[in-house]
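Enquirer: Following this message is one structure expressed as structure tokens.
The values are calculated or read from the model by the stated rules, or taken from the named source; none is laboratory data. Please read all numbers here as calculations on a predicted model, not as lab measurements. A quick note on method: Cβ atoms are made from the backbone with ideal geometry, for glycine too, and the neighbour counts reach across all protein chains shown. SASA here: full protein model, heavy atoms, side chains in, ligands and nucleic acids out. Shrake-Rupley method; radii C 1.70, N 1.55, O 1.52, S 1.80 Å.
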Amino acid sequence: MKAKNFGMLLLAGLFMFGLQSCDDDDDDRITASPELVAAFTQKFPGVDASTVQWEWDGRQNAYEAEFWENRLEKSAWFSQAYEWLMTETDYEPPFTDVPQAVIDAANAQYPEHHLEDIDYIETPDETYYRVEMEQRDRDVYLNILEDGTIR
């Protein structure tokens, strides 16, 4: 009986350890330097910088700011030299704030798929909508300009 209880306890401990190791939401959180906050405030003057959650994005080799602006969830990336690199705005269904030309272009390109997610991407050089279309477990991504042109 003791062996059975020990085995169950060991299994429960391993399960809990496994759950803990999957929780990495806060692992990359950082405190922004005054220079980084100043760069953010210059780019987004209407956003309260104290509400921004900062992370180090190793894949992008950049600082990532997660915040809300005009009821939209956004992420912005800044270089190590505090230069703005990109902003991603996340739109939620029913996508009423997305130009109809973007939605029509996506649906025309993949009529058998459904709109899963739309993000608005802004960089110093370009702006476009990144549209995720889904059919079963197959996702397709399209970059679409505001006028509906697929790039």
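Enquirer: Ratio of Rg to Rh for segment 72-142, alpha carbon only, Kirkwood?
Expert: A ratio of 1.04.
Enquirer: In segment 35-151, what percent of the accessible surface is made up of carbon and sulfur (1.4 Å probe, ligands and nucleic acids excluded)?
Expert: 43 percent
Enquirer: Would you mind getting the accessible area per residue of segment 32-92, heavy atoms of the protein chains only, 1.4 Å probe, in Å²?
Expert: Per residue, segment 32-92 has 58 Å² of solvent-accessible surface.
Enquirer: Please sort 41-53, 76-88 by packing, taking for each peptide the average over its residues of neighbouring beta carbons within 10 angstrom, highest first.
Expert: 76-88, 41-53
Enquirer: Scan segment 45-79 for trypsin sites (Lys or Arg not before Pro) in coil per DSSP, keeping those whose Cβ has at most 13 other Cβ atoms within 10 Å, and list them by number.
Expert: Those that pass, being in a loop and sparsely packed, are R59, R71.
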